[in-house]
Amino acid sequence: MKLRDIDKKRYSKHYKILFAVIVTELLIVSIVCSSLLISWFSTPEESHFLLNIAGVVFAALIVTYALYHFKDHPFMNEVAYVWNLKRQLDQIVRKQHKIEPLMENNNVDAMIIMNYMYKGSKQLYELDDNTITLDSLASRSRLLDIRLAEQNLTVSTDDYHPDLLGQF
């Protein structure tokens, strides 16, 4: 996955709209489904707990299907990119304990992966206004840049591809 520039205002606006739509859809569909299930399969004296749960599950399935179906819609462009970036960074974080020692031993693939992680995390933190850890991230990125300079290596985020993680 290649990093790309994202308009923060557009991303934030679309994310908020999408979140509101998801919550509204979950509420409406779960209430309607639960009501229908109760009217079809229950009597007033019975507990409706399981039918209410079934309505919520059905609503969650519908929302999941809608998100999957519309993931390539232009409105979802920035939000889908950020979701995919988060997923990719999560895969790196799960293997980070194996990658970092190799980076210390000047493994080029490990340095490419960590460079991607640092740059992708910076972009993600800035998009989500999570500036608390940016200083720590910047210092780790600078250390990697120094290590790369010492080895006369030049890497970019374009050098990263998910297959690199397979060796760790």
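The calculated 222 nm mean residue ellipticity attributable to helices in the chain amounts to -25000 deg cm²/dmol, summing -39500 (n - 2.57) over DSSP H runs of n ≥ 4 and dividing by all residues. Heavy atoms of the protein chains alone define the surface here; on that basis the range 1-125 has 63 Å² accessible area per residue at 1.4 Å probe size.
For the set Lys9/Lys86; Lys13/Lys71; Lys86/Lys122; Lys71/Lys95; Lys9/Lys71; Lys16/Lys95, the pairs lying more than 23 angstrom apart at their alpha carbons are Lys71/Lys95; Lys16/Lys95.
For the chain, list the DSSP H helices whose alpha carbon atoms reach 15 Å or more along the long axis and whose average Kyte-Doolittle value is -0.5 or above? Helices meeting the span and hydropathy rule in the chain are 8-41, 49-69, 108-127, 134-150. Seen from all directions on average, the chain presents a Cα convex hull projection of 13.0 nm². Under a model in which nothing but the beta-carbon of Lys, Arg (+1) and Asp, Glu (-1) is charged, the chain shows a dipole of about 240 debye around its Cα centre.
Each Cα pair under 8 Å and six or more residues apart adds its separation to the average, and for the range 1-141 the resulting relative contact order is 24 percent.
Farthest towards the positive end of the charge dipole of the range 1-66, among the residues Ser34, Ile53, Val23, is the Cα of Val23, using unit charges on the Cβ of Lys, Arg, Asp and Glu.
Computed from the C-beta positions of Phe19 and Gln91, the FRET efficiency with R₀ = 35 Å rounds to 0.90. Relative contact order of the range 80-168: 38 percent, from C-alpha pairs under 8 Å at least 6 residues apart in sequence. If R₀ is 25 angstrom, what is the calculated FRET efficiency for the pair Leu143 and Asp7, using the beta carbon separation as r and rounding to 0.05? Efficiency computed from Cβ-Cβ geometry: 0.25. Of all accessible surface on the range 76-123 at a 1.4 Å probe, what whole percent is carbon and sulfur? The computed percentage sits at 50.
The values are calculated or read from the model by the stated rules, or taken from the named source; none is laboratory data. What you see is a predicted model; the values in this text were computed from it and never measured. Here the Cβ is made from the backbone with ideal geometry for all residues, glycine too, and neighbour counts use every protein chain on show. These accessible areas exclude ligands, DNA and RNA; they are computed on the full protein's heavy atoms, side chains included. Shrake-Rupley method; radii C 1.70, N 1.55, O 1.52, S 1.80 Å.
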